[in-house]
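Read the structure below first, then the notes.
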Amino acid sequence: MMASGCFTTLRGEGNTPTEPPGSDASPGLRESFSGSRVTIYHLAGASGWGAGFYDYPTSLWLPRLDPAGIQLGGGGNQFSVSVHWAQGKTVRVESATDPANPVWTPLAILDLADGSASLTDPESLNQSMRFYRAVEVEPAP
């Protein structure tokens, strides 16, 4: 599990740990979160995760488009966005022009080898509005 921020988020890339936080196998972990509002995020398909893990709420960990990564400028004032998620995952970035009745158009497949990647959308300036999402691409069998 990786901790981020001031211990407000834990991200589990696998099944639940065999020992709960604060047990003899993880001394001091519970004290690290004392008074904190920690949420544990897990990947789809991982086993053992329910609505909560001991005293901590859990939630599905999904790809995130980073607003801090949005840039206008560079080569031709094109729109760029960063995608962040678990290392080694692959996502398809899609766009739509109408959020009330979206027709999602694939833009790119991104390999998040180190947990993040960026995309520049050359068509973004041809639209008055454009909305983006990132969805997991399942590995080939």
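The values are calculated or read from the model by the stated rules, or taken from the named source; none is laboratory data. All figures in this text were calculated on a predicted structure; none of them were measured in a lab. All Cβ positions, even for glycine, are placed from backbone atoms using ideal geometry, and neighbour counts span all protein chains on display.
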request  = Taking only the stretch 96-141 into account, find how many residues are under 18 Å from TRP61 (Cβ atoms) and loosely packed, with under 12 Cβ neighbours inside 10 Å.
outcome  = 5
request  = Identify all residues within the stretch 101-141 that are in a loop (DSSP other than H, G, I, E, B) and of a type in the set (A, V, I, L, M); write none if there are none.
outcome  = VAL103, ALA113, MET129, VAL137, ALA140
inquiry  = I'd like the full set of residues that are under 30 Å from VAL81 (Cα atoms) and either at pLDDT below 65 or not in a loop (DSSP other than H, G, I, E, B) (or both), limited to the stretch 12-64.
reply    = GLY12, THR39, ILE40, TYR41, HIS42, PRO57, THR58, SER59, LEU60, ARG64
